[in-house]
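Comments concern the structure below.
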Amino acid sequence: MSTNILVFDSGVGGLSILSEIKQVLPHASYYYLFDNARLPYGELQEQELIDGCIDIIGQAVERVAADIVVVACNSASTLILPGLRALLSIPVVGVVPAIKPAAQLSKNKHIGLLATPGTVNRAYTHDLITKFAAECHVERFGSSELVLMAEAKMAQQAIDKALLAALLAPIKASGIDTLVLGCTHFPILKQELQTYLGDEVLLLDSGKAIAARVHTLLNPETDKSGKAALQAFFTTKTISAGLERTLADYGFSSVRPLNGDTTDEMTNVLTDEGTQSKTKS
Ligand code: DGL
């Protein structure tokens, strides 16, 4: 019996995390929840973000009989994890900016955090910096434009190089030697970021750490009978033809609205323990 892993993000950023998890758990079934109707999260009010995420994640978990949910979004993880864990009876893994390894790896103790405007201003992020990077000078760079640029890249649109250069100029000028990619969209632009910032800046993200955590929480031995499968990609709004092509290339067998037809995946989950509720009553 295959393990059902639900990966969630406001956009395509969570695919950077899903790719890492798939490396360590190649026999699981993957579902993706894409809240594109409310993207970008970095601009949302905190309570609106919390309520909306908990609602749709709860629905998706039940719909696919998820065994674990990965909140592959820093902007959401820094707010919703306590509420989500109170609702669900399955493990919930979140992602937070890789401040700790960055502080350890930086030679000049001058690091940058590139994340959404929401994440750079969160109390959670302030606490992370105080706790793990007290000896470093940490500069925060908030950008929703880069989130939209990663979306455009995955929708097979050209990257606006002039805009990218303008957005990255303050980072390049700052003198940091390590940059935390504190938004899951940004590894999608890693090549472009590295080219502009140069090899002297180390780029760090949390993908491998999240994958290791998911691997630890699941029992990979029981998982070997299933075969790797990218199942449904659930959306909260229609997606572009370009993104649909990318998702097909990526291997998703279907793209469908979260509130649409349930027939296919219900036949899938009702054959095993999918009838058990995944929410606490
Ligand atoms: N991918 C997200 C993150 O890690 C959020 C991007 C957004 O919706 O602003 O923060």
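Values quoted throughout were computed directly from the atomic coordinates according to the rules given, and no laboratory measurement underlies them. As the structure is a computational prediction, the values presented were derived from the model and not from experiment. Ideal geometry is used to build each Cβ from the backbone, glycine not excepted, and the neighbour counts take in all protein chains shown.
Please give the calculated 222 nm ellipticity per residue for the chain, where each DSSP H segment of at least 4 residues contributes -39500 (n - 2.57) and the sum is spread over every residue; nearest 500 deg cm²/dmol?
-13500 deg cm²/dmol
Could you line up C136, C53, C73, C183 from fewest to most neighbouring Cβ atoms inside 10 Å?
Fewest-to-most ranking of C136, C53, C73, C183: C136, C53, C73, C183.
Determine, from the Cβ-Cβ distance of K190 and V24 and an R0 of 25 Å, the FRET efficiency 1/(1 + (r/R0)^6), rounded to the nearest 0.05.
0.80
What does the charge add up to near F132, with Lys and Arg as +1, Asp and Glu as -1, over the other residues with Cβ less than 13 Å from its Cβ?
After counting each charged neighbour, the total is +1.
Spin-label point model (7 Å from Cα, Cβ direction): what's the N259 to A134 distance in nm?
4.9 nm
Please find, in a Gaussian network model of the chain (springs between Cα atoms separated by less than 10 Å), the residue of N36, N219, N121 whose mean-square fluctuation is greatest.
The residue with the greatest mean-square fluctuation here is N219.
GNM on the chain, C-alpha springs below 10 Å: top fluctuator among A158, A103, A212?
The residue that fluctuates most here is A158.
Compute the signed sum of charges (Lys and Arg +1, Asp and Glu -1) over the other residues within less than 13 Å, Cβ to Cβ, of G118.
Once all neighbours under 13 Å are counted, the net charge is 0.
From Cα pairs below 8 angstrom and at least 6 apart in sequence, can you work out the relative contact order of the chain, rounded to a whole percent?
29 percent
Greater than 31 Å separation of Cα atoms is the criterion. Which listed pairs, K100/K172; K22/K278; K100/K190; K22/K237; K131/K161, meet it?
Checking Cα-Cα distances, K131/K161 exceed 31 Å.
Quick one: net charge of I57's neighbours, Cβ under 12 Å, K/R +1, D/E -1?
-2
Efficiency by 1/(1 + (r/R0)^6): what FRET value for R85 and A241, r their Cβ-Cβ distance, R0 = 41 Å, to the nearest 0.05?
Efficiency at R0 = 41 Å is approximately 0.65.
Pick from A65, A134, A162: which is most flexible by mean-square fluctuation in a GNM of the chain where alpha carbon atoms under 10 Å apart are linked?
A162
Fewest Cβ neighbours within 10 Å first, please rank T3, T238 accordingly.
Least to most surrounded, the residues fall as T238, T3.
Helices from the chain with mean Kyte-Doolittle at least 1.0 and a Cα length along the axis of 18 Å or more, per DSSP H: which?
Helix filter hits for the chain: 161-174.
If you stretched the chain out fully between Y250 and D51, how much longer would it get, using 0.36 nm times the residue separation minus the C-alpha to C-alpha distance?
Fully extending the segment from Y250 to D51 adds 68.6 nm.
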